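What follows is one structure encoded as structure tokens, with my remarks underneath.
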Amino acid sequence: MRSSPSGPFDSADGKQGSDRGGHGSAAPTGAARGDPCDGCHECGLRCTSGVEMTRPEFGRIIEHLRSEDPARVGSVLEQDKRIVWFEDIGTEACLFYDVVHRGCLIYPVRPFICRLFGRVEWLPCPIGRPLEEVARGLELIQAYAQEHRGTFAHWCAEAGIFDFGQLTSKKR
């Protein structure tokens, strides 16, 4: 499967594969790149299950997973994603959110909506850091909403991927 850019939805900052250097990443850390997030993962509490993505985004995620250490991928994907905030109140974290190390397994290729966290007024930084906002954010999200999207599980079923082992297999 070829991973190709999907136009304006490639990244919130205009840089395909932009990375703050999450846990386990070989990319420079946020501090090394001057990123205002500086390794902060507070927005990770917004990483909930059921995020929709486009087919090209799904393709980039599969390609990325196949380039990562299969043991690490399996470890993150098999974590209990239930996050309890208080008594019976909680949520289920995104499949790709590493609840142990507090980082995103697919950060460099995360879906467009994830790239907008902290970069548009309706998804502000949870600790109030002044981050550069995306130009035309509302226009971009309205166009993105018109794209055919599905959850990761939807695209996996469509692609015939039914177990985590297939996600890290180089063969298709």
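The values are calculated or read from the model by the stated rules, or taken from the named source; none is laboratory data. Source: prediction; values computed, not measured. Glycine gets a Cβ as well: all are built from the backbone with ideal geometry, and neighbour counts include every protein chain shown.
Numbers below:
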read-out: Test result for ILE141, in a loop (DSSP other than H, G, I, E, B) and in contact with a Leu (Cβ under 9 Å, 6 or more places away or on another chain); value: no
read-out: Close pairs (9 angstrom Cβ cut-off, 6 or more residues apart or separate chains): on the phi > 0 side of the Ramachandran plot in region 110-128, of a type in the set (Lys, Arg) anywhere; value: GLY118/ARG129
read-out: Residue in region 63-82 that is farther than 30 Å from GLY165 by Cα and either within 14 Å of the chain's Cα centre (by Cα) or in a loop (DSSP other than H, G, I, E, B) (or both) present; value: no
read-out: Residues that are in contact with a helix residue (DSSP H, G or I) (Cβ under 7 Å, 6 or more places away or on another chain) and surrounded by 12 or more Cβ atoms within 10 Å (Cβ to Cβ), drawn from region 126-142; value: PRO126, VAL134, LEU140
read-out: Residues that are in a strand (DSSP E or B) and surrounded by 18 or more Cβ atoms within 10 Å (Cβ to Cβ), drawn from region 83-105; value: ALA93, TYR97, ASP98, GLY103, CYS104
read-out: Residue selected from region 108-125 under the condition at pLDDT 85 or above and basic (Lys, Arg), by the criterion surrounded by the most Cβ atoms within 10 Å (Cβ to Cβ); value: ARG110
read-out: Out of CYS94, CYS47, CYS40, sole residue that is closer than 19 Å to TRP155 by Cα and at pLDDT below 90; value: CYS47
